[in-house]
Amino acid sequence: MRRINPGSVNSYIKYGNLKIPKSIQCECPGCRKTTEFMLNANYQNSKIGLVTECSCPLCKKSAVFIIMTKEGQDEQGEHADTYIYDLQASKHPINQIEKLPNIPKDLIRAYRSAINVHQSKENSATAVMSKRVIESILKHFLGEKSIGQPLSEQLEILPNHVNLAKPIQSLSHLLATDGSLHRMLELETEMDYEMTSLLMDLLESLIEYLFVLPGKIEVTHNKIAKNFN
């Protein structure tokens, strides 16, 4: 399930004091493209929630929206909480980093704010919050060395303070010939579903680390160079 940010709701239908979304601009769980969904939801006072289904204008696949309401709601102009059924929602970075033990709280707050303002199409605010996310990341690793330094210089010295090769080296230890993971991959011992799920997450992270991140940086660099040269 993925919660719909109120800023992504283009229009509402009002039932008494409660506003039910009518038009929502969000990412389709099928084609992963952002488009406008027109909801056809009929609210009844006796219900505490409703489910409605509509087709993506781009890929024509159905998307399921769940609108949570409260019986006897009387708060003036309150918006109903709305969710879209999305199997990939749990893989969103914000849902992953919140579960990690060493993530700074201010980084989580800044990243969530960046997501919210981007979904609300606040471009300037997105730029400001994106900078704050980068600053929070660098401050976490560099500490006082980040004070007063441009972001470019902070990133230049980051490898001196963070062992960027450590994740790959740790993986090599996991795959040692006398290790449990190696025996599992060689079918010498059985893996349960929980372990195979962890393995699939590991594969995704490895691809992200070695291919996706470098590729995204290159694409962003080329796009900026094309637009500003």
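The values are calculated or read from the model by the stated rules, or taken from the named source; none is laboratory data. All of these numbers come straight from a predicted model, not from anything done at the bench. Here the Cβ positions follow ideal geometry from the backbone for every residue, glycine too, while neighbour counts run over all protein chains shown. Ligands, DNA and RNA are excluded from the accessible area calculation, which covers all protein heavy atoms including side chains. Shrake-Rupley method; radii C 1.70, N 1.55, O 1.52, S 1.80 Å.
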Just to confirm, what accessible area per residue do you get for the chain at 1.4 Å probe, in whole Å²? 70 Å²
Looking only at Cβ-Cβ distances, which cysteines of the chain have no other cysteine closer than 4.7 Å? C26, C54
Hz values of 3J(HN,Hα) by residue in region 49-60 - Karplus curve (6.51, -1.76, 1.60), Gly and Pro given as x: x, 8, 10, 9, 10, 8, 8, 6, x, 8, 9, 6
Can you list residues whose amide H is under 5 Å from L39's amide H, if they're 5+ apart or on another chain and H is modeled 1.01 Å from N? S23, I24
Could you sort L58, L171 by accessible area so the largest value comes first, with the probe set to 1.4 Å? L58, L171
Name the residue farthest towards the positive end of the dipole of the chain from the options N40, I134, H173, assuming +1 on Cβ of Lys and Arg, -1 on Cβ of Asp and Glu, about the Cα centre. N40
Simple Cβ-charge dipole of region 135-219, Lys/Arg +1 and Asp/Glu -1, about Cα centre, in debye nearest 20: 400 debye
In the chain, carbon and sulfur make up what percent of the accessible area (probe 1.4 Å)? 55 percent
With the chain treated as a Gaussian network of Cα nodes joined by springs under 10 Å, which of F211, F65, F141 yields the largest mean-square fluctuation? F211
Cross-link list K99/K216; K22/K60; K99/K139; K19/K99; K14/K105; K166/K216: which exceed 28 angstrom alpha carbon to alpha carbon? K19/K99; K14/K105
When the dipole is taken about the Cα centre of the chain, and only Lys, Arg (+1) and Asp, Glu (-1) are charged at their Cβ, what size is it in debye, to the nearest 20? 980 debye
Collect residues whose amide H, placed 1.01 Å from N in the peptide plane, falls under 5 Å from the amide H of C31; neighbours closer than 5 in sequence don't count. none
For region 48-178, would you read off the P(r) tail past 22 Å as a percentage of all alpha carbon pairs? 62 percent
Amide proton proximity set for G49, modelled H, under 5 Å, gap of 5+: T69
Need one value: the accessible area of M1 in square angstrom, 1.4 angstrom probe, rounded to the nearest 10. 100 Å²
³J(HN,Hα), Karplus 6.51/-1.76/1.60, whole Hz, each residue of region 23-32, x for Gly, Pro: 10, 10, 9, 7, 6, 6, x, x, 9, 6
